[in-house]
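Heads up, the thing below is written out as structure tokens.
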Amino acid sequence: MTYPVANPKVIQRARQVLALNPLFLDTETTGTGPEDVIIEVGIVDAEGGTLYDKLVNPGMPIPAESSAVNEITDEMVANADPWPRVWAEIEPILRGRAVGIYNAEFDLRLIRQSNAAHNIREALADAQTFCMMKLFAAYYGEWNPRYNGFKSQKLEFAGRSCQIDLANTHRAVDDARLTAALLRYIAGRG
């Protein structure tokens, strides 16, 4: 089979989502576990313009394996704002907007964990977010019989397969920018 399959319904859905003028969010974290928290937030508009780009002091050491991926070190976050101040800045930006996230389930969980670590009860509404990883998986069309659904692909692969000339740097604003470009690419097909 030739990939991407590029189902017209997926392209139409991408156009509908793009018409909402969404924002795109990405985070970098201390890890992937239930106690991990956010150490960087990037938010861009639908054209990839930076709206927010900030490191976060997690109040704990960043594990070496996380720093090896995102290149964010304890020294870099030592004087950064703590999560409650960052949340107070990003929540009004995101409020009432459609928000695209590549692997939304992960980022939303880390936002909830970061909020819970500081007794912040609010979070992004699941209904206002959409997962670009799932949209790209449907666009690409590789079936995963084990999970009876489309196979998820890494952001780097998605960008490369669509020939988007933006690197997946594992820094929040760069990855949010690549995610926005990916939606624009899919919406422009056909």
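The values are calculated or read from the model by the stated rules, or taken from the named source; none is laboratory data. Only a predicted model underlies this, so the values are computations on that prediction, with no experimental measurement involved. Heads up, the Cβs are rebuilt from the backbone with ideal geometry, glycines too, and the neighbour counts pull from every protein chain shown. Please note that ligands, DNA and RNA were not included when accessible areas were found on the heavy atoms of the full protein model with its side chains. Shrake-Rupley method; radii C 1.70, N 1.55, O 1.52, S 1.80 Å.
Listing for the model above:
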| quantity | calculated |
| --- | --- |
| Residues that are free of Cβ contacts under 8 Å to residues at least 40 places away in the same chain and within 16 Å of Gly100 (Cα to Cα), drawn from the range 154-167 | Lys154, Gly159 |
| Subset of the range 21-30 that is touching a strand residue (DSSP E or B) at 6+ places or on another chain (Cβ under 9 Å) and in contact (Cβ under 8 Å) with a residue 40 or more places away in the chain - its residue that is farthest from Val99 (Cα to Cα) | Thr29 |
| Among the residues listed as Arg184, Arg171, the single one being under 30 Å from Arg85 (Cα atoms) and either crowded, with 16+ Cβ neighbours inside 10 Å or not hydroxyl-bearing (Ser, Thr, Tyr) (or both) | Arg171 |
| In the range 74-84, residue surrounded by the fewest Cβ atoms within 10 Å (Cβ to Cβ) [restricted to those that are out of contact with any strand residue (DSSP E or B) (no Cβ under 8 Å at 6 or more places or on another chain) and more than 18 Å from Arg112 (Cβ to Cβ)] | Glu75 |
| Index of the failed condition, Val86 passing every other in (1) part of a helix (DSSP H, G or I); (2) over 17 Å from the mean Cα position of the chain (by Cα); (3) touching a residue at least 24 places away in the same chain (Cβ under 8 Å) | (2) |
| Lone qualifier among Glu122, Glu65 - being open to solvent by 70 Å² or more (accessible area, probe 1.4 Å), more than 25 Å from Arg13 (Cβ to Cβ), out of contact with any His (no Cβ under 9 Å at 6 or more places or on another chain) and in a helix (DSSP H, G or I) | Glu65 |
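For every residue, the table says whether it meets (1) among the basic types (Lys, Arg); (2) surrounded by fewer than 19 Cβ atoms within 10 Å (Cβ to Cβ); (3) touching a residue at least 12 places away in the same chain (Cβ under 8 Å).
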{"site": "Thr32", "(1), (2), (3)": "no, yes, yes"}
{"site": "Val41", "(1), (2), (3)": "no, no, yes"}
{"site": "Thr50", "(1), (2), (3)": "no, yes, yes"}
{"site": "Lys54", "(1), (2), (3)": "yes, yes, yes"}
{"site": "Pro92", "(1), (2), (3)": "no, yes, no"}
{"site": "Gly100", "(1), (2), (3)": "no, no, yes"}
{"site": "Phe106", "(1), (2), (3)": "no, yes, yes"}
{"site": "Ile111", "(1), (2), (3)": "no, no, yes"}
